[in-house]
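Q: Starting off with a structure, shown below.
The values are calculated or read from the model by the stated rules, or taken from the named source; none is laboratory data. Here the structure is a predicted model, which means the values were calculated and not measured. Methodologically, a virtual Cβ is constructed for each residue, glycine included, from the backbone with ideal geometry; neighbour enumeration extends over all protein chains shown.
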Amino acid sequence: MTDKLPDYYFRVRENGAFVFRLDTENRQRRIEMDQIAVVNMRNGEIKAHGDRTLSAEDVEAIKKWMAERAQTLAHREIDDIFRAIDYLNTTTHWTQSRATDEQLEAVTDQLLLAMHDLRTTLVRKKADRLTKG
């Protein structure tokens, strides 16, 4: 653990975060977390918590976090897609080498529908890109 804690803590939630200012400069040297804002990543909104007024430093730190968070989420999203490709390959191998008839019966229709839906969407999107370019 580092010697000095950051000035802010972001409690991540589904579409943003709660922002807390950290304080260890008290007699007991305990970490106090004071909520100062709520962040909505979908619309970029920063709302001060309660009757607080955010300082320029607060807003700057929050905007920096939002930019870093957006990059993290974008990276995770594409990483999830690459993992899906790996899962499809693993599923193909499992189907060919180890799956029992009962297991295949349980998953075949759902897999075929999901793959058909994905293929249809990919083909349509590719055609759109080709006709635009």
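Q: Quick check on this structure: which one of 106, 99 is in a loop (DSSP other than H, G, I, E, B) and over 30 Å from residue 5 (Cα atoms)?
A: Values: 106 fails: in a loop (DSSP other than H, G, I, E, B).
Checking each option against the conditions leaves just 99.
Q: Let me ask something else. For the range 45-68, name all the residues that are in a strand (DSSP E or B) and not acidic (Asp, Glu).
A: Applying the first criterion (in a strand (DSSP E or B)) to the range 45-68 yields 45-48.
Hits for the range 45-68 are 46, 47, 48.
Q: Here's another thing I want to ask about it. What are the residues in the range 17-39 that are in contact (Cβ under 8 Å) with a residue 12 or more places away in the chain, over 16 Å from residue 57 (Cα atoms) and surrounded by fewer than 13 Cβ atoms within 10 Å (Cβ to Cβ), if any?
A: So the first thing to find is which residues in the range 17-39 are in contact (Cβ under 8 Å) with a residue 12 or more places away in the chain, and the list is 17-22, 24, 31, 33-39.
Filter again for over 16 Å from residue 57 (Cα atoms), leaving 17-18, 24, 31, 33.
Listed by number, the residues that qualify are 24, 31.
Q: Residue check, residue 5 against (1) loosely packed, with under 14 Cβ neighbours inside 10 Å; (2) over 25 Å from the mean Cα position of the chain (by Cα); (3) outside any helix (DSSP H, G or I), all met but one. Which one?
A: (2)
Q: Let me ask something else. For the range 53-79, give me each residue that is closer than 30 Å to residue 115 by Cα, acidic (Asp, Glu) and surrounded by 10 or more Cβ atoms within 10 Å (Cβ to Cβ). So that I can check it myself, show each step before the final result.
A: So in the range 53-79, the residues closer than 30 Å to residue 115 by Cα come out as 70-79.
Applying the additional criterion that residues be acidic (Asp, Glu) yields 77, 79.
The answer is 79, and nothing else.
Q: With the requirement that a residue be of a type outside the set (A, V, I, L, M), farther than 18 Å from residue 73 by Cα and not in a loop (DSSP other than H, G, I, E, B), what does the range 29-44 give you?
A: Of all residues in the range 29-44, those of a type outside the set (A, V, I, L, M) come to 29-30, 32, 34-35, 40, 42-44.
The next check asks that each one be farther than 18 Å from residue 73 by Cα; those that pass are 29-30, 32, 34-35.
Matches in the range 29-44: 32, 34, 35.
Q: Identify, please: which residue in the range 43-52 is at negative phi and modelled with pLDDT of 95 or more and is, among those, surrounded by the most Cβ atoms within 10 Å (Cβ to Cβ)? Steps first, please.
A: Quick first cut of the range 43-52, residues at negative phi only: 43, 45-49, 51-52.
Subsequent filtering for residues that are modelled with pLDDT of 95 or more retains 43, 45-49.
Values: 43: 7, 45: 11, 46: 17, 47: 13, 48: 15, 49: 14.
So the residue we want is 46.
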